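The values are calculated or read from the model by the stated rules, or taken from the named source; none is laboratory data. None of these values were measured; they are calculated from a predicted model. With ideal geometry, Cβ positions are generated from the backbone for all residues, glycine too; neighbour counts draw on all protein chains shown. Heads up: the accessible areas ignore ligands, DNA and RNA and are worked out on the full protein's heavy atoms, side chains in. Shrake-Rupley method; radii C 1.70, N 1.55, O 1.52, S 1.80 Å.
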Amino acid sequence: MRSRTTQDLIQALLDAGDTQVAIAEGAGLTQPTISRLASGDHRNPSLDTHNKVVAYAIKRLRKSKKTAA
């Protein structure tokens with residue numbers, strides 16, 4: 001199993017219907033930062049930035065599981 005990059009996580013969230021603005025607000029980042037990460041222009045985000053995106057992705061997954069139940 002390969003590890004997920006920040007770019008992969010953002011793309012998965014976008015594919016699931018989230019907007020860059022929603023991801024940014026949920027992760028405590030700016031929309032331009034999410035845009036750069038999604039496009040690959042910012043290839044080596046800090047661990048803190050990566051962890052914020054991961055935390056948002058987990059929160060989003062839990063929310064979607066609750067609404068599906």
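Report, by residue number, each residue of region 15-30 that is open to solvent by 70 Å² or more (accessible area, probe 1.4 Å) and not charged (D, E, K, R). Steps first, please.
Of region 15-30, the ones open to solvent by 70 Å² or more (accessible area, probe 1.4 Å) are 15, 19, 21, 25, 30.
Passing the criteria: T19, V21, T30.
If a residue has to be among the hydrophobic types (A, V, I, L, M, F, W, C) and over 12 Å from L9 (Cβ atoms) to count, how many in region 24-69 make the cut?
Adding up the residues that qualify gives 5.
Per this entry, T6 is counted among residues that are in contact with a His (Cβ under 7 Å, 6 or more places away or on another chain) and either in contact (Cβ under 8 Å) with a residue 24 or more places away in the chain or surrounded by fewer than 13 Cβ atoms within 10 Å (Cβ to Cβ) (or both).
Among the residues of region 41-63, those identified as surrounded by 12 or more Cβ atoms within 10 Å (Cβ to Cβ) and either within 13 Å of Q7 (Cβ to Cβ) or over 12 Å from the mean Cα position of the chain (by Cα) (or both) are H42, P45, T49, H50, V53, V54, A57.
Kindly indicate the residue of region 1-42 that is of a type in the set (S, T, Y) and at pLDDT below 95 and also farthest from A55 (Cα to Cα) among those meeting that condition.
S39
Restricting attention to region 18-69, the residues that are in a loop (DSSP other than H, G, I, E, B), free of Cβ contacts under 8 Å to residues at least 24 places away in the same chain and acidic (D, E) total 1.
In the set (1) open to solvent by 60 Å² or more (accessible area, probe 1.4 Å); (2) farther than 14 Å from L61 by Cβ; (3) of a type outside the set (K, R), T33 fails one condition alone, (1).
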